[in-house]
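Participant: Sharing a structure, written as structure tokens. Questions coming.
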Amino acid sequence: MVIWGCRSLFAADASIQISETSDANTGNLAFCRKHPEVTVIDTGLPDRSGLELAQRIFKKDSAARLVILGTNYASLSWPAPSRRAC
């Protein structure tokens with residue numbers, strides 16, 4: 001879904017190249033090979049968290065520009081709601 005949205009947003013601009021990977025390990029390898037201007041990471045990757053991938057990328061390149069999209073909310077743990085009124 002994330003890659004479909006990115007492709008739709010930039011379809012009219014031929015100067016933008018979009019590459020995709022299906023998991024964090026191949027995403028990490030692709031980043032090292034291609035050194036993209038911007039990397040879009042989904043948090044819901046099958047092999048590890050997209051946040052963990054972001055940390056790996058920042059360790060290699062602290063100037064990397066990342067956009068992180070959260071699409072796997074079922075795996076997040078939320079704090080219990082407070083019983084006090086706001």
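Participant: May I ask for the distance between the Cα centers of region 43-59 and region 14-39, given as a whole number of Å?
Facilitator: Cα centroid to Cα centroid, the span is 13 Å.
Participant: Also: Go through region 12-24 residue by residue and turn each phi into a ³J(HN,Hα) via Karplus (6.51, -1.76, 1.60, θ = phi - 60°); whole Hz please, and just put x for glycine and proline.
Facilitator: Values, residue by residue: 7, 9, 5, 7, 9, 9, 10, 10, 9, 10, 9, 7, 5 Hz.
Participant: Continuing with this model, one more query. What is the Cα convex hull volume of region 1-71 when expressed per residue in Å³?
Facilitator: 82 Å³
Participant: Could I ask something else about it? Could you list which residues have their amide H under 5 Å from that of residue 40, counting only those 5 or more apart in sequence or on another chain, with H placed in the peptide plane?
Facilitator: Under 5 Å from the amide H of residue 40 lie the amide H atoms of 67, each far enough along the sequence or on another chain.
Participant: Tell me, in nm to one decimal, what length is gained between residue 55 and residue 17 on full extension, where the rule is 0.36 nm per residue of separation less the Cα-Cα distance?
Facilitator: Fully extending the segment from residue 55 to residue 17 adds 11.3 nm.
Participant: Here is a further query. Where does each of 37, 20, 52 land when they are ordered by accessible area, with a 1.4 Å probe and the largest first?
Facilitator: Listed by decreasing accessible area, they come as 37, 20, 52.
Participant: So if each residue of separation counts as 0.36 nm, and I subtract the Cα-Cα distance between residue 63 and residue 10, what length gain in nm does that give?
Facilitator: Full extension from residue 63 to residue 10 adds 16.7 nm.
Participant: By the scheme Lys and Arg +1, Asp and Glu -1, what is the net charge of all other residues having a beta-carbon under 14 Å from that of residue 47?
Facilitator: With Lys, Arg at +1 and Asp, Glu at -1, the neighbours total -1.
The values are calculated or read from the model by the stated rules, or taken from the named source; none is laboratory data. Because the structure is predicted, anything quoted here is derived from the model rather than measured. No Cβ is skipped: glycine too gets one built from the backbone with ideal geometry, and neighbour counts run over all protein chains shown. Protein only, heavy atoms only, side chains kept; ligands, DNA and RNA dropped before computing areas. Shrake-Rupley method; radii C 1.70, N 1.55, O 1.52, S 1.80 Å.
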